[in-house]
Amino acid sequence: MLVVIVRLPWAGDLGMHAATVQRLSHNLFHPGNPLVDADTPSPYYSPWMLVLGALAKVTGLSVFVVLRIAALVGLTLLATGVWRYVRTLSAHRAAPALALLSLLFLWGPLLFNWSGFLGLNSLALTVSYPSVFALGLTFHFWAWLTRAVRAEAPWGRWLWLGALWALVLLCHQFTGVVASLGALATVIAARPPRPALLRLGAALALGLLLLGLWPYYDFFSLFSAGADLEAIHKPLYEDLAARFGLVLLGVAALALRFRRDRWDPLVLFFVLGALVFAAGGLSGHYSWGRALPAALIPAQLAAALEVVSAGRRAVRVCWACVLGAALVVGAWTQVGTLGYATGRAALPSVVASKYRTPWVGYHWITPWVKYGDVVMARTSPARQIPAYGAYTVAPGYPDVFLADAARREAAVERYFAAGTSSSDRARILREYGVKWVVGPGGLAGPGLRKVTGGPAGQVLYRVVR
């Protein structure tokens, strides 16, 4: 993973996070929309991204160097957080290592990548994302909370937990839901006395206050996010057996833990996560599927812990063999991740077939396109171009705070449509102040001049007025 951080493969949302750091590095207090030239708030302006933007501004480091630093911090938080939380569940010295292996490899025979999900391949592609930072904080949060409910923690520690809970929610809202479900399971399992509940209430009140006071976006307005968010998350409910089938071993381990302790925190955590995930699928709120790690994580941890906590030695050895076999299957599914450290050329052919080539990026337009320029581009380029400082006409990702997002998307669609006249295209370019167009070859006409070519037949055109 350290080598992966050096190479920093590009896929998914990396361009969004790079664009966010770009805007904050230019204006910490009023960055505007990270993707389009509009003065709107954004849920991507989190406390962690504010730190990264300030780092870029003060040091002059490039955005991608700053993202590598973010990846190193997130990976460190994650590894140490897993270690600390697992230590609250088992004192066995092998438990943290087994837990980490299970979190990375106990998935399924079909590769699955998504921000906030801890498979090794997914982690390699998202290691610089705020979700990894937030998940690392979450494991530390659970460890501190577990110790707080087991002992008579002072008021100060509880208030710190409330602030940490708010920080996780602000940095990555979906991971914050997972953190909240895990915290609820921890509290229910501990059945704390009334004094502890009073401190817990104060911590919760402080967390809600901090969420309401965050100035960069209205956290509570996210509860009314539009239908676009549901459509994007619908695939989370597909191919469940192939993607997560090996986790059934962890479900069996949870059943054994339930027999030993009806108030086991991992069992309660799994039940809460599974209920939220199922409710999302049944109600059509597919974004609730992002709570799935709240079911996966406790099952994966339970599978690992059963190796060191089951009764007789023969049972533990048998369980270790079954878990080992499952981890081998899961590791083979994700073996293509090695390519993100070595490059495709270094992989044996059987491994290279499992490697997914990352995106190339749009560095080839930067000698001409400057910070703040507006570029007309379709969705896929629009997910990458703002990483270099330019804006696009329509955002490459759903934006709940951009009121005219649909109108912008329609304008892009109309611009690139085959039947659109030159005069209509010119009008769209004027309306949005477009200086550049990234599109296929042969697009040149009145008002456009070809500047350079890029990968896959793409061309950069200058708008001539």
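The values are calculated or read from the model by the stated rules, or taken from the named source; none is laboratory data. If you're wondering where the values come from, they're calculated on a predicted model, not measured in any experiment. Here Cβ is always computed from backbone atoms with ideal geometry, including for glycine, and neighbour counts include all displayed protein chains. Keep in mind that these areas ignore ligands, DNA and RNA; they rest on the heavy atoms of the full protein, side chains included. Shrake-Rupley method; radii C 1.70, N 1.55, O 1.52, S 1.80 Å.
As an exercise: evaluate residue 163 against (1) in contact with a Phe, Trp or Tyr (Cβ under 9 Å, 6 or more places away or on another chain); (2) within 17 Å of residue 208 (Cα to Cα); (3) touching a residue at least 40 places away in the same chain (Cβ under 8 Å) and give the number of the one condition it does not meet.
Unmet for residue 163, out of (1) in contact with a Phe, Trp or Tyr (Cβ under 9 Å, 6 or more places away or on another chain); (2) within 17 Å of residue 208 (Cα to Cα); (3) touching a residue at least 40 places away in the same chain (Cβ under 8 Å): (1).
Can you tell which of 396, 372, 361 is over 22 Å from residue 447 (Cα atoms), touching a residue at least 12 places away in the same chain (Cβ under 8 Å) and either open to solvent by 10 Å² or more (accessible area, probe 1.4 Å) or out of contact with any Lys or Arg (no Cβ under 9 Å at 6 or more places or on another chain) (or both)?
361
Exactly one condition in (1) touching a helix residue (DSSP H, G or I) at 6+ places or on another chain (Cβ under 7 Å); (2) of a type in the set (Gly, Ala, Ser); (3) not in a helix (DSSP H, G or I) is false for residue 131; which is it?
With (1) touching a helix residue (DSSP H, G or I) at 6+ places or on another chain (Cβ under 7 Å); (2) of a type in the set (Gly, Ala, Ser); (3) not in a helix (DSSP H, G or I) applied to residue 131, the lone miss is (3).
Does region 195-210 contain any residue that is among the hydrophobic types (A, V, I, L, M, F, W, C) and within 23 Å of the chain's Cα centre (by Cα)?
Yes.
Quick check, is residue 326 within 28 Å of residue 263 (Cβ to Cβ), under 32 Å from the mean Cα position of the chain (by Cα) and at pLDDT 95 or above?
The answer is yes for residue 326.
Give me a count of the residues in region 375-387 that are assigned to a helix (DSSP H, G or I) and open to solvent by 50 Å² or more (accessible area, probe 1.4 Å).
2
Here is a check on your reading of the model: is residue 133 of a type in the set (Phe, Trp, Tyr) and surrounded by 23 or more Cβ atoms within 10 Å (Cβ to Cβ)?
yes
Determine whether residue 125 is surrounded by 20 or more Cβ atoms within 10 Å (Cβ to Cβ), in contact (Cβ under 8 Å) with a residue 40 or more places away in the chain and farther than 26 Å from residue 331 by Cβ.
So residue 125 does not fit the description; no.
Looking at region 307-330, I want the residues that are of a type in the set (A, V, I, L, M, F, W, C) and have a partner that is surrounded by fewer than 17 Cβ atoms within 10 Å (Cβ to Cβ) and not in a helix (DSSP H, G or I) with Cβ atoms under 6 Å, at least 6 apart or on another chain. Which pairs are those?
Taking only residues 6 or more apart or on different chains, the pairs are 308/92; 308/94.
Mind checking whether some residue in region 400-423 is in contact (Cβ under 8 Å) with a residue 24 or more places away in the chain, open to solvent by 10 Å² or more (accessible area, probe 1.4 Å) and hydroxyl-bearing (Ser, Thr, Tyr)?
yes
Quick check on my filter: what residues within region 147-168 are open to solvent by less than 10 Å² (accessible area, probe 1.4 Å) and either part of a helix (DSSP H, G or I) or modelled with pLDDT of 95 or more (or both)?
148, 158, 161, 162, 164, 166, 168
Test of understanding: among 250, 289, 245, which residue is of a type outside the set (Asp, Glu) and closer than 25 Å to residue 171 by Cβ?
289
With (1) assigned to a strand (DSSP E or B); (2) of a type in the set (Gly, Ala, Ser); (3) modelled with pLDDT of 95 or more as the list, and residue 439 as the residue in question, which single condition is left unmet?
Result: residue 439 fails condition (3) only.
Conditions: (1) in contact with a Pro (Cβ under 6 Å, 6 or more places away or on another chain); (2) within 22 Å of residue 399 (Cβ to Cβ). Residue 178 meets all but one. Number of the miss?
(2)
Go through region 252-269 and give me each residue that's open to solvent by 50 Å² or more (accessible area, probe 1.4 Å) and either in contact (Cβ under 8 Å) with a residue 24 or more places away in the chain or at positive phi (or both).
Those that are open to solvent by 50 Å² or more (accessible area, probe 1.4 Å) and either in contact (Cβ under 8 Å) with a residue 24 or more places away in the chain or at positive phi (or both): 256, 263.
Exactly one condition in (1) part of a loop (DSSP other than H, G, I, E, B); (2) in contact with a Ser or Thr (Cβ under 7 Å, 6 or more places away or on another chain) is not met by residue 420; state its number.
Of the numbered conditions (1) part of a loop (DSSP other than H, G, I, E, B); (2) in contact with a Ser or Thr (Cβ under 7 Å, 6 or more places away or on another chain), the odd one out for residue 420 is (2).
Is it the case, given these coordinates, that residue 299 is within 28 Å of residue 150 (Cβ to Cβ), out of contact with any His (no Cβ under 6 Å at 6 or more places or on another chain) and surrounded by 17 or more Cβ atoms within 10 Å (Cβ to Cβ)?
Yes: the conditions hold for residue 299.
Residues of region 193-230 being open to solvent by 70 Å² or more (accessible area, probe 1.4 Å) and within 25 Å of residue 288 (Cβ to Cβ), which ones?
204, 208, 218, 220, 223, 224, 227, 228
I'm trying to understand the selection: among the residues of region 232-245, which are open to solvent by 50 Å² or more (accessible area, probe 1.4 Å), of a type in the set (A, V, I, L, M, F, W, C) and within 19 Å of residue 276 (Cβ to Cβ)?
Once the filter is applied, which keeps residues that are open to solvent by 50 Å² or more (accessible area, probe 1.4 Å), of a type in the set (A, V, I, L, M, F, W, C) and within 19 Å of residue 276 (Cβ to Cβ), region 232-245 yields 232, 240.
Considering each residue of region 391-407, count those that are part of a loop (DSSP other than H, G, I, E, B) and either among the aromatic types (Phe, Trp, Tyr) or touching a helix residue (DSSP H, G or I) at 6+ places or on another chain (Cβ under 8 Å) (or both), and give that number.
10
Which residues, counting only those in region 453-464, are touching a Phe, Trp or Tyr at 6+ places or on another chain (Cβ under 8 Å), open to solvent by 30 Å² or more (accessible area, probe 1.4 Å) and over 17 Å from residue 384 (Cα atoms)?
Residue satisfying the conditions is 462 alone.
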